[in-house]
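Worksheet: one structure, shown below.
The values are calculated or read from the model by the stated rules, or taken from the named source; none is laboratory data. Everything numeric in this text was worked out from a predicted model, so none of it was measured. For neighbour counting, all protein chains shown are included, and Cβ atoms are generated from backbone atoms with ideal geometry for every residue, glycine included. For the accessible areas, the whole protein counts, side chains as well, though only heavy atoms, and no ligand, DNA or RNA atoms are used. Shrake-Rupley method; radii C 1.70, N 1.55, O 1.52, S 1.80 Å.
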Amino acid sequence: MTHINIKKVLCLFVAIMLTVTMAVTAFADDPYTSYNYNAWKEAVPSQNGYQVTDTITGADIGLDQLSDPDSEFFISEDEPATLSDAKDFFLCESTEEWYIVDTGNNRIIKTDLEFNLLACYKTFTGSSMTTETTLEDGTVEVTEANTLKSPYGIYVDEDGIMYIADRDNQRVIKCNQDCEIIMEYTRPESELYDSVSFYCTKVLVDAAKNVYIICPAVNSGAIMYSASGSFLGYFGANKVEVTATVVINRMWRRIATESQSATLTKATPVEYANFDIDEQGFIYTVTEAANTTTDAVKKLNPAGENIISRTENGAEIVFGDQTSVTYSGTTYSTRLTDIAIGDNGIVNILDYTSGRIFQYDREFNLLFIFGCDQEDQNGGFDNPNAIETYGDKVYILDGRNNDITVFSETLFGSYVHEANEMYNEGLYEDSLALWKEILKRDGNYNMAYVAIGRALLNQDEYQEAMKYLKAGFDDEDYDKAFEYYRKDLIRNNFTAAIIVIAVLIVLYLVVKMLQKRGKIPDHLWKRLFRLIGNGIKTLANKIVGAVTKKKGGAANGL
């Protein structure tokens, strides 16, 4: 091999190594494949609206300070320095402080916005509950229930008052930052509450300080308490999922005997998995049960009525993946485990099965799908338990990896959010340039076609609007654009059409008169009549075509 050939081989090898290195780096920066759904509800590749920018562990928080005698946060030398099966977290925006429910370690961790340790809550005072412990000598010691047992959820109001769902103690405690218990919400002493247990998992509070609690054993809705602690009943129960078994049992009960009816499975609604509340006081709920479609996501007004089902296209909205997913030979359906409402009413829903986040605008139009399951790709989630948002970031708490993943908005994501917000505010012309830029970056982004088409429709550019609305398969707005286009076409060409028709009629009468006088040979006037007739027919077809034109085609571009 010559000296020149050796140089060529070395250059080629270096080029290949650089390419591989760049590919690995790109994969590390973007550990999941983003996609969206087209008009046929088929998954298509899409630009990433978010990317992973940080992962927070117990070491990053500084939990080792809890076992350091020289630290102001010292609790004991045996205090764990890692999170354990963390079930929930909450961001108090008024103070910009995080509260992490460290379930496995029976404690609440408080940090600042950057996840620097601020406090650890383990022991409380003022409980009206007691626990019994059998000592070695056989005596029973009764003590105050001053510690947490498998806490599952937390809510913190603007005054810093904590509401903790203390699951295995079967209570929700309301306490201040000094761990002094203000109130305990326990099993209601009411005939309306027919469950023997009160294993509460999630809690939230509205502006009136009413408390809403989720118990997995209760399928009548969220358990509701007043600010004074009185049991008020249930809020926003789910509907029964209509399945073939439910229909058959309902029919059979009409003809079955009492003993036969007793053997039939009762149809009961599925309980909530989680909920969140927005600035306007609307409560959003998610139902985690696999394969459920009825009330998978609800937006409840103060009366407990689902607003989504009342919207014009409410029945058509599908939350989560449109189809099932398969891992390791087993097929799973979407299981929506948590929901978080961000700025401008943006809805973020966490899917436990796939580890993906489904983001919708306040009109429930799908914006982005991002994240993944750990078995699907490196860097994914193993046990995603909770989701929170703040500004342009989305946070996911993983209970098995014991960390918090931070997603930050990409440039493409900022374009979509800005354009979407302007459009929802009625600023169609202002959003048009952004939507066109979005299409340049992602030709599969179906919402951009619709938004551009509607903006052009608002500008009376009907023919151009029809192209985009057709590409986006927005039949309703396409019909509007076509109706206006047809009226404009007829109105703009009506005078010219009448003049042409009148001229042709006069010409026809003149030729007919000359033919009768014998001044035009038969073969010439027949040919002339044929030309005049074809002209009238062509003109008529154009007018009729404008009136009866049919839409169709696929979103294959413009």
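Could you tell me which of the residues R441, R454 is under 29 Å from the mean Cα position of the chain (by Cα), open to solvent by 70 Å² or more (accessible area, probe 1.4 Å) and touching a residue at least 40 places away in the same chain (Cβ under 8 Å)? None of the other options fit; the residue is R441. Considering (1) in a loop (DSSP other than H, G, I, E, B); (2) open to solvent by 20 Å² or more (accessible area, probe 1.4 Å); (3) under 17 Å from V286 (Cα atoms); (4) at pLDDT 85 or above, the lone condition that N401 does not fulfil carries the number (3).
Here is the figure for segment 171-187: residues that are surrounded by 17 or more Cβ atoms within 10 Å (Cβ to Cβ), touching a Cys at 6+ places or on another chain (Cβ under 7 Å) and over 15 Å from L204 (Cα atoms) total 1.
Quick check on segment 424-444. Is at least one of its residues under 27 Å from V347 (Cα atoms) and of a type in the set (S, T, Y)?
First, pick out the residues of segment 424-444 that are under 27 Å from V347 (Cα atoms): 424-444.
Now drop any that are not of a type in the set (S, T, Y), which leaves 428, 431.
Yes, some residue in segment 424-444 is under 27 Å from V347 (Cα atoms) and of a type in the set (S, T, Y).
Among the residues examined, E271 qualifies as surrounded by 14 or more Cβ atoms within 10 Å (Cβ to Cβ) and modelled with pLDDT under 90.
To keep it simple, each residue is scored yes or no on (1) under 18 Å from K299 (Cα atoms); (2) in a loop (DSSP other than H, G, I, E, B); (3) modelled with pLDDT under 95.
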position	(1), (2), (3)
A315	yes, no, yes
G320	yes, yes, yes
T323	no, yes, yes
I339	yes, no, no
N344	yes, no, yes
F358	yes, no, no
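Residues that are open to solvent by 30 Å² or more (accessible area, probe 1.4 Å) and of a type in the set (S, T, Y) within segment 212-228 comprise S220, S228, listed in sequence order. Among all positions in segment 407-429, there is at least one residue which is open to solvent by 10 Å² or more (accessible area, probe 1.4 Å), touching a residue at least 12 places away in the same chain (Cβ under 8 Å), closer than 28 Å to I109 by Cβ and not hydroxyl-bearing (S, T, Y). Here Y360 passes the criteria (1) surrounded by 21 or more Cβ atoms within 10 Å (Cβ to Cβ); (2) under 18 Å from G49 (Cα atoms) except the one numbered (1). Of the residues contained in segment 81-98, none is found to be over 32 Å from the mean Cα position of the chain (by Cα), open to solvent by less than 50 Å² (accessible area, probe 1.4 Å) and within 19 Å of K174 (Cβ to Cβ). Contact annotation: residue pairs with Cβ atoms under 9 Å, 6 or more positions apart or on different chains, pairing a residue in segment 278-295 that is on the phi > 0 side of the Ramachandran plot with a partner that is modelled with pLDDT of 95 or more and buried (at least 21 other Cβ atoms within 10 Å of the Cβ), are D295/T285.
Here T292 meets each of (1) under 23 Å from D351 (Cα atoms); (2) among the polar types (S, T, N, Q); (3) part of a loop (DSSP other than H, G, I, E, B); (4) at pLDDT 60 or above with one exception, condition (4).
Scanning segment 125-143 for residues that are in a strand (DSSP E or B) and of a type outside the set (D, E, K, R) returns T125, T130, T131, T133, T134, V140, V142, T143.
Out of all the residues in segment 62-76, which are in a helix (DSSP H, G or I) and closer than 17 Å to D112 by Cα?
The initial filter retains those residues of segment 62-76 that are in a helix (DSSP H, G or I), namely 63-67.
Across segment 62-76, the qualifying residues are L63, D64, Q65, L66.
Considering segment 279-289, and only residues there that are out of contact with any Asp or Glu (no Cβ under 8 Å at 6 or more places or on another chain) and over 22 Å from Y352 (Cα atoms), the residue that is modelled with the highest pLDDT turns out to be F282.
Restricting to segment 188-211, and then to whatever is farther than 25 Å from E388 by Cβ and of a type in the set (S, T, N, Q), can you tell me which residue is surrounded by the most Cβ atoms within 10 Å (Cβ to Cβ)? Break it down stepwise before answering.
Narrowing segment 188-211 to residues farther than 25 Å from E388 by Cβ: 188-198.
In the following step, the residues that additionally are of a type in the set (S, T, N, Q) were identified as 190, 195, 197.
Details: S190: 11, S195: 15, S197: 11.
It comes out as S195.
Put simply, of D112, D157, D102, D70 the only residue that is open to solvent by 50 Å² or more (accessible area, probe 1.4 Å) and either more than 36 Å from the chain's Cα centre (by Cα) or under 29 Å from A208 (Cα atoms) (or both) is D70.
Evaluate segment 424-435: report whether one residue or more is touching a Leu at 6+ places or on another chain (Cβ under 9 Å), in a helix (DSSP H, G or I) and on the phi < 0 side of the Ramachandran plot. Walk me through how you get there before you give the answer.
Applying the first criterion (touching a Leu at 6+ places or on another chain (Cβ under 9 Å)) to segment 424-435 yields 428, 432.
Okay, now just the ones that are also in a helix (DSSP H, G or I), so 428, 432.
From what's left, on the phi < 0 side of the Ramachandran plot: 428, 432.
For segment 424-435, residues touching a Leu at 6+ places or on another chain (Cβ under 9 Å), in a helix (DSSP H, G or I) and on the phi < 0 side of the Ramachandran plot: present.
If the condition is being outside any strand (DSSP E or B) and in contact (Cβ under 8 Å) with a residue 12 or more places away in the chain, then segment 100-114 contributes T103, G104, N105, N106, L113.
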